[in-house]
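Below is one structure, written out as structure tokens; the observations come after it.
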Amino acid sequence: MAKRMFANRLLSKLFWLLLLLLLWELISRSGIFEPTLFPPFSKILLVFWQELTDGLLLEKTCYSLQLILKGLFLSLAITVVLSFGAVSSRWVEDLVDVLNSILHPLPGIALLPVAILWFGIGETSILFIILHSVIWPMVVNLKTGFRSVPSIYLELGRSFGLKGIRLLGGVILPSSLPYFISGLKIGWARAWRAVIAAEMVFGAASGTAGGLGWHIYMTRYYFDIAGTFAALLAIVIIGILVEELFFNILEKMTIKKWGMV
Amino acid sequence: MLELQEVVKVYLRENFRHEVLKGISFQVSQGEFFCILGPSGCGKTTLLRMIGGYEKVSGGRILLQGEEITGPGPDRIMVFQTFDQLFAWQTVRGNVEYPLKINGMARGERRERADFYIEMVGLKGYENYYPHQLSGGMKQRAALARALALQPQILLLDEPFASLDAQNREILQEELLRIWNSLKPTVIFVTHAVDEAIILADRILVMTEDGDIKMIVENKLQRPRRPGMPGFARMWDFLYEQVRSSRWQAEKRKN
Ligand SMILES: Nc1ncnc2c1ncn2[C@@H]1O[C@H](COP(=O)(O)OP(=O)(O)OP(=O)(O)O)[C@@H](O)[C@H]1O
Ligand SMILES: [Mg+2]
């Protein structure tokens with residue numbers, strides 16, 4: 001019953017998707033708008049396929065993704081340390097609160113000029129922006145997660161002989177995994193946006209090899225609008241893959257399997 | 001041997017001192033089954049938590065084999081009243097094995113030991129279930145298996161069967177006695193059910209409602225004990241009266 005309903009909803013969503021694409025195609029072909037500015041979807045798809053098979057799009061995507069992965073791993077480590085410090089000590093918590101109040105409202109991209117001055121144009125600056133965009137929202141989530149660990153778990157952990165880092169790894173982190181994952185989702189989304197934005201600004205600043213953001217910038221520069229849209233399509237597809245596939249599988253393998261949600 | 005000397009516990013609420021336990025002294029010898037019986041709110045859990053080392057004493061001392069207890073440790077394991085004391089991210093076997101792993105036991109040995117105690121509490125076949133797939137009674141069994149597997153000197157049981165239905169409670173009481181008979185750990189069992197205390201304990205400590213010792217009763221009834229057996233009803237009446245009168249004595253002291 002529930003399965004059939006799910007299948008029906010999927011069908012209706014697919015219907016809307018196809019209708020929207022068809023509309024796009026028709027409007028583009030009707031010639032109301034300048035076709036180079038508003039290329040038909042079939043052409044975008046073709047360019048997308050070409051760039052995918054000749055490796056260009058894949059290379060750009062991989063470049064951006066590896067940046068994000070590096071940034072996320074670094075952010076995760078820093079977030080765990082900050083959050084653990086905050087729930088262990090009043091002092092550290094006040095520090096984290098102050099940092100969070102100052103830095104959270106600052107959009108990462110606004111820091112880019114400073115980052116370029118400090119770290120030059122290149123990976124380090126982008127990593128800096130990713131860290132800034134990801135750490136603060138994740139700290140808020142993980143702090144809540146750590147606070148929600150039942151005291152009974154902590155007492156049991158201590159009974160078994162766990163202290164400090166081992167208590168963190170053995171009891172506190174697994175117990176706050178639902179918060180950890182939702183923090184990671186937010187972190188991923190913000191990192192993705194930060195990278196694309198940063199790469200586009202770099203595109204304006206210099207000609208270094210870059211990722212998808214840089215690619216979008218360049219295609220517009222050369223007036224290859226179908227190429228721009230193809231890159232946007234790549235961004236949408238990766239977003240769907242990560243959110244619907246990666247996170248869903250991750251949750252199914254962990255917190256859903258353990259009845260923690 | 002476990003020895004409590006004039007143990008006092010005070011909680012501070014705003015600017016008001018709430019003396020929950022008022023100088024508790026008793027001894028429990030190795031291998032004894034000791035019950036603490038008392039009305040709700042008299043400080044039974046607090047007492048057990050201090051023995052477990054989760055809570056500091058405000059006065060007096062708690063000695064285990066002559067050494068003062070300073071914090072929690074694997075020699076005293078508590079089984080709580082709540083169903084949610086198993087780690088949700090570990091299977092039944094994982095939960096039982098985990099404390100052994102922490103204490104450095106080799107993989108094969110701890111697996112063997114875990115399976116032994118899982119079978120002992122009657123959970124054979126459920127080794128790979130996660131806690132959320134178990135019933136309340138099964139969760140309590142698993143928690144008991146986890147505590148037993150550590151082979152602690154003292155087993156601290158805080159109304160572990162209180163939220164079970166009568167039938168499951170009886171079965172688990174029997175099983176606990178069987179396990180106690182074969183392993184002979186020291187058991188300190190908190191309950192507010194008079195019949196449960198009679199069925200289980202060698203000695204029963206009756207608490208007053210305001211956190212003092214009313215009396216310690218030796219339970220000489222022959223095991224196994226059944227509610228219908230000779231002497232059971234008299235013991236029950238006696239203890240019930242003690243618990244009840246301890247309640248109105250506390251009332252009187254308050255006024
Ligand atoms: N952390 C705490 N802070 C302040 N007061 C507390 C705290 N823990 C317990 N108390 C108080 O201590 C008294 C005894 O509580 P305790 O939980 O030990 O009772 P109990 O005998 O276990 O009751 P029950 O049979 O209902 O479980 C209660 O009046 C309670 O309000
Ligand atoms: Mg209690």
Wholly enclosed helices (runs of 4 or more DSSP H) of the stretch A:176-261 bearing at least 1 residues in contact with a Gly (Cβ under 9 Å, 6 or more places away or on another chain) and within 14 Å of chain B (Cβ to nearest Cβ): A:177-205
Selection from the stretch A:134-176 of residues that are surrounded by fewer than 21 Cβ atoms within 10 Å (Cβ to Cβ) and within 23 Å of the chain's Cα centre (by Cα): A:Pro137, A:Val140, A:Thr144, A:Leu173, A:Pro174
Every residue from the stretch A:26-72 that is part of a helix (DSSP H, G or I) and on the phi > 0 side of the Ramachandran plot: none
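What residue, of B:Leu12, B:Leu37, B:Leu48, is within 9 Å of ligand 1 (Cβ to nearest atom) and open to solvent by less than 10 Å² (accessible area, probe 1.4 Å)?
Working: B:Leu12 fails: open to solvent by less than 10 Å² (accessible area, probe 1.4 Å); B:Leu37 fails: within 9 Å of ligand 1 (Cβ to nearest atom).
Answer to the selection: B:Leu48.
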Single residue of A:Gln50, A:Gln66 found to be among the polar types (S, T, N, Q) and either under 26 Å from A:Ala194 (Cα atoms) or modelled with pLDDT under 85 (or both): A:Gln66
Matching option when the condition is more than 16 Å from ligand 2 (Cβ to nearest atom), under 26 Å from B:Ala147 (Cα atoms) and open to solvent by less than 20 Å² (accessible area, probe 1.4 Å), among B:Val57, B:Val7: B:Val7
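Residue check: is B:Leu205 assigned to a helix (DSSP H, G or I) and within 14 Å of the chain's Cα centre (by Cα)?
For B:Leu205, the condition - assigned to a helix (DSSP H, G or I) and within 14 Å of the chain's Cα centre (by Cα) - is not met.
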Top-ranked residue of the stretch A:143-175 - restricted to ones that are among the β-branched types (Val, Ile, Thr) and assigned to a helix (DSSP H, G or I), ranked as farthest from the other protein chains (Cβ to nearest Cβ): A:Thr144
Test: residue in the stretch B:125-141 that is more than 14 Å from chain A (Cβ to nearest Cβ), open to solvent by 10 Å² or more (accessible area, probe 1.4 Å) and without any contact (Cβ under 8 Å) to a residue 12 or more places away in the chain: yes
Scope the stretch A:222-257; condition free of Cβ contacts under 8 Å to residues at least 12 places away in the same chain and not charged (D, E, K, R); matching residues: A:Tyr222, A:Val236, A:Ile237, A:Ile240, A:Leu241, A:Leu245, A:Phe246, A:Asn248, A:Ile249, A:Met253
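The values are calculated or read from the model by the stated rules, or taken from the named source; none is laboratory data. Everything numeric here is computed off the predicted structure, so don't read it as measured data. Quick reminder, even Gly has a Cβ in these numbers, built from the backbone with ideal geometry, and neighbours come from all protein chains shown. Note: areas computed on protein heavy atoms with side chains; ligands, DNA, RNA excluded. Shrake-Rupley method; radii C 1.70, N 1.55, O 1.52, S 1.80 Å.
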